[in-house]
C-alpha cells in the first residue's frame, strides 16, 4: 500500500542537490550486480507482467531527483520492504498506472507474490514506487491479501515470499535487520529505519501492512532454513 503525496516545485528553486552517482547505504560489492539467480534459490519468477522499462526509467529518474536529490533510476538494494496488496486478486494497477497523486511514474513494486506464484514487475536493479520514503534504497514485495488477518491464512503466499526474501538477501548480502515492514518505514524514523528520506515530505504516515505477526512468520521462516 502507498502514501498519497503531491510533489513540490523544488528543483528550479535550487532546493534539490543532484547526485548522479549516489552513495548507497548498506553492504555493497561487485557480487551484487545483475539479478539473483532464481532457479538456484529453488524459486520460479515470472516476468510476463513486467513494466516497460523504456517508460519507467526516465520518469523514475525525475521522481528520484525530486524526492531524494538523486537523478537516477538505478537501485543498489540496501533493504527489503514487505507489503500486502489490500485485495484478493493480482494488483494490475501496479502494472498499468501511469501516475499517482498527479506525479509520474505510476505505482509499482518489484515483486508480487500470490500463493506459489512470483511476478517480477521491475528488476531489483531498478527503483520502484512502492514504499514512500525508501524507494531509493529498497526492494519492495507485495503479497496478495485483503489485510493482515487474511495474509496470515495464506500460508503458501507467506512461504513463497519467505523464499524470495531469502534469495534476495543472499544475493545482496543483507541481514535480517534490513528486512522491514511497510508499517516500520511509514514511521519515517531514521533511528528505526536508517535509510528513510524524502525531500518533499518526511513526516510519518499511517500504514499497518503487512502486520507484525506476518513479519514474525517470515523472519522465523528465514531462521529455520539456512
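Taken together, the values in this text are just the output of simple stated rules run on the coordinates, not laboratory data. The structure presented is a predicted model; accordingly, all values stated were derived computationally and were not measured. Ideal geometry is used to build each Cβ from the backbone, glycine not excepted, and the neighbour counts take in all protein chains shown.
DSSP assigns beta bridges within the range 56-195; of those with both partners inside it, close to 35 percent run antiparallel. Between residue 93 and residue 116, the modelled label-to-label distance comes to 3.1 nm, taking each label 7 Å out from Cα in the direction of the beta carbon.
Contact order, relative form, for the range 37-224: 24 percent (alpha carbon pairs under 8 Å, 6 or more residues apart, mean separation divided by residue count). Taking the average, over residues, of other Cβ atoms within 10 Å as the packing measure, peptides 205-218, 133-146 rank 133-146, 205-218 from highest down.
So if R0 is 41 Å, what FRET efficiency would residue 101 and residue 175 give, r being the distance between their Cβ atoms, rounded to the nearest 0.05? The computed FRET efficiency comes out at 0.75. Quick one: go through the range 98-129 and flag any residue whose amide nitrogen is under 17 Å from the point 7 Å out along the Cα-to-Cβ line of residue 52. It comes to 98-100, 104-108, 121-123, nothing else.
Cβ neighbours within 10 Å, averaged per peptide: list 113-120, 77-84, 96-103 in order, most packed at the top. Present the calculation step by step, with values, prior to reporting the outcome.
Values: 113-120: 19.4, 77-84: 25.4, 96-103: 13.0.
By packing density, highest mean first, the sequence is 77-84, 113-120, 96-103.
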